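A quick write-up on the structure given underneath.
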Amino acid sequence: MDTQQPKQPQEIFAGLEQTMVDYLLEKIRVEKGLSLDDVASRVYGAENIAQSRLKLYRLRKPKKDGTVKKLTLEDYVLICQAMEVDPVRILALNLEKVARS
């Protein structure tokens, strides 16, 4: 008999954000043959690629205080558009994955 309780929404959302960042910037980006600089310049502009790269990096790696920059809806949609993927499909796939884990 399975006694595991269903996850609460806050538990699901806590892991969803980082799961989506990892999925987009690791799996999808590599499948599309894009470098981080390619994605960064498409999302934030190529004028100052170092600054654009840093914005993406902050979504993936913790700052000195151990926190990671929140993935805003705007950033999420822009990253999906830059990689030519459907944001709704990516959200559904990752939400299902996080809810099952």
Provide, for the chain, the number of lysine pairs with alpha carbons under 21 Å apart, each pair being eight or more places apart or on different chains. 14
Based on the Cβ-Cβ distance of K61 and V88, what FRET efficiency does E = 1/(1 + (r/R0)^6) give at R0 = 25 Å, to the nearest 0.05? 0.40
Expressed as a percent, the portion of alpha-carbon pairs in the chain spaced more than 22 Å apart is 33
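Values quoted throughout were computed directly from the atomic coordinates according to the rules given, and no laboratory measurement underlies them. Quantities reported herein were computed from a predicted structural model and do not represent experimental measurements. Here the Cβ is made from the backbone with ideal geometry for all residues, glycine too, and neighbour counts use every protein chain on show.
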